[in-house]
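S.K.: After the structure tokens below, expect a handful of questions from me.
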Amino acid sequence: MAYTILKNGSVVQTIPPYKVSSGMDVVIQDDLIVEVGKNLSSKYQTAIVYDMSGKLILPGMVCSHHHYYSGLSRGMLVNSGPQTDFIQILKEWWWRVDRALDEEALYYSSLICSIDAIAAGTTTCIDHHASPSFIEGSLETIAKGMREVGLRGATCYEVTNRNGGLDEVKKGVKENIAFAKSVDKERNSGKKPLVEAMIGGHAPFTICNDGLELMKQAVDETHRGIHLHVAEDKYDVTHSHHMYHQDIIDRLDSFGLLSDSSLLVHGLYLNDHEIEKMNERGVFLAHNPRSNMNNGVGYFSKLQDVNKLLLGTDGCGGNMFEEIKLAFFKHKDNGGSWWPSDFVEVLSRGNSLLEKYFGEQFGIIAPGYKADITVVDYHSPTPFVDDNIATHIVWGMSSNAVESVMVEGKMVMHKREFNLDLEMIYAKAAESAKKVWKKVDTLSAH
């Protein structure tokens, strides 16, 4: 049996009750933690040992909502029209970008997003994908990039009728089902999948009722939950009332799409009734503060009312140290009463979503839990104790302190080194990005 030991580090628990234990050895067998304690290495003579003296050993972080299709958009130089409201931003920017993606661009986007996430200490990304010009096979392409880097993930295709009507809807649903079945096949063969599937949808204002019905059929067929934007902007709410005479959550619920495996995103303009129903159904909701600020859509003032609140980036990278800082500071700026410990709990709750999909235990450095681990070389100028762990995470730690990352028991980054040709990957990604940008300039907003 193969063992790995993270020796003599300080084990930090980031799910309440927060706790730090110094001088600990973490013993990993294959993909699971099997023992945590002092001076354990003598029991495992053949183990691979990593000296973690002076380092913090934390559970890996989860980005609970990402957009891998945005990976090649950084610094994008394209011509665009006016962007004075959210719909114009979508039409002039993101909907042109996703239409420009092909298989090559998506593959390098997946590699780049996965590498950047690992380098920031994020071990899992929950992706929400769109590439209308390349639907069939797109999810396997994303999963390929994740697997090659060693990142855990989940992905889905954004079902929508915004470009091609019901035909586009059917293609998106078909891709979601095909990928979910490929994951099932992998699991049935005795393997443990590194990348899981969900049933994606863009947002209710771009999904007709026939589309929601087809999504429900996909949910029933694959036994997965939905991953869907809701109420990111007031337009989504107004559209639902105008076209369907229902609140967004009631409309989704009428199709049986809300369950404890469902992941909704944003929710800025959900009303009290909708949040109550969402909580009753056990739905997860991902908060994305950087994206909300970037798109100027407002602040999610009701986030404290959501029982299963998670933290995502909505495509603004995979750096959860940055995201949690912005989440906390924007909340305080808006007059909120939560403290760092509340936001660390929200970030760590992403592991509950993983447990729903992977069927194993995540998020604690303890026997029986998955060996998804982030090692941080953090030098604190003040005491680092149980009662202030969350404050140190929000105020002190950053991705610059991430030294090593383990996923599924494998060291995918050690001392900030990957077993990948990063220079080649980034060079090819830049070449692909130029092609995407050039194509974007040929596409009109519609």
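Derivation of every value follows stated rules applied to the coordinates shown; laboratory data play no part. A quick note: this is a predicted structure, and the numbers were derived from the prediction, not measured. Ideal geometry is used to build each Cβ from the backbone, glycine not excepted, and the neighbour counts take in all protein chains shown.
S.K.: Please list, in order along the stretch 147-157, the HN-Hα scalar couplings obtained from phi with the Karplus expression 6.51 cos²θ - 1.76 cosθ + 1.60 (θ = phi - 60°), rounded to whole Hz, x for Gly and Pro.
M.R.: 5, 5, 7, x, 7, 7, x, 9, 8, 7, 9
S.K.: Output the 0 to 90 degree angle, nearest 10, between the alpha-carbon long axis of helix 320-333 and the longest principal axis computed from the alpha carbons of the chain.
M.R.: Taking the Cα atoms of the chain, the angle to 320-333 is about 70 degrees.
S.K.: Then there's this: Work through the residues other than ALA203 whose Cβ is under 10 Å from its Cβ and net out their charges, Lys, Arg +1 and Asp, Glu -1. Before the final figure, lay out the partial values.
M.R.: Details: positive: ARG162; negative: GLU158, GLU232, ASP233, ASP236.
Result for the local shell: -3.
S.K.: Between the stretch 118-168 and the stretch 74-91, what is the C-alpha centre distance in whole Å?
M.R.: Using only Cα atoms, the two centres lie 22 Å from each other.
S.K.: Could you name the aspartates and glutamates whose alpha carbon sits less than 16 Å from that of LYS91, not counting residues in the same chain fewer than 8 places away?
M.R.: Candidates past the 8-residue exclusion: GLU158, GLU232, ASP233, ASP236, ASP441.
S.K.: Okay, next question. Among bridges DSSP assigns within the chain, what percent are antiparallel (round to 5)? List each step's numbers first, then the result.
M.R.: Details: 27 of 59 bridges.
Of all bridge pairs located within the chain, approximately 45 percent are antiparallel.
S.K.: Leaving out same-chain residues fewer than 8 places away, which lysines sit with a Cα under 18 Å from that of LYS191?
M.R.: Within the straight-line cut-off, LYS191 pairs with LYS144, LYS181, LYS356, LYS370, LYS410.
S.K.: Quote the Stokes-Einstein diffusion coefficient, in whole µm² s⁻¹, for the chain, based on the Kirkwood radius over alpha carbon pairs, a temperature of 10 °C and a viscosity of 1.306 mPa s.
M.R.: Numbers: Rh = 22.2 Å.
Approximately 72 µm²/s, per Stokes-Einstein.
S.K.: Can you check how the C-alpha radius of gyration of the stretch 89-139 compares to 2.2 N^0.38 Å, as a plain ratio? Display every interim value, and only then the final one.
M.R.: On the way: Rg = 12.2 Å, N = 51, 2.2 N^0.38 = 9.8 Å.
Normalised by 2.2 N^0.38 Å, the Cα Rg of the stretch 89-139 equals 1.25.
S.K.: Fewest Cβ neighbours within 10 Å first, please rank VAL405, VAL149 accordingly. Before the final figure, lay out the partial values.
M.R.: Values: VAL405 28, VAL149 25.
Least crowded to most crowded, the residues run VAL149, VAL405.
S.K.: Would you mind ranking CYS113, CYS125, CYS316, CYS208 so that the residue whose beta carbon has the fewest other beta carbons within 10 Å leads the list?
M.R.: CYS208, CYS316, CYS113, CYS125
S.K.: Okay, moving on. Could you state the number of Å between the C-alpha centres of the stretch 14-61 and the stretch 367-446?
M.R.: 20 Å
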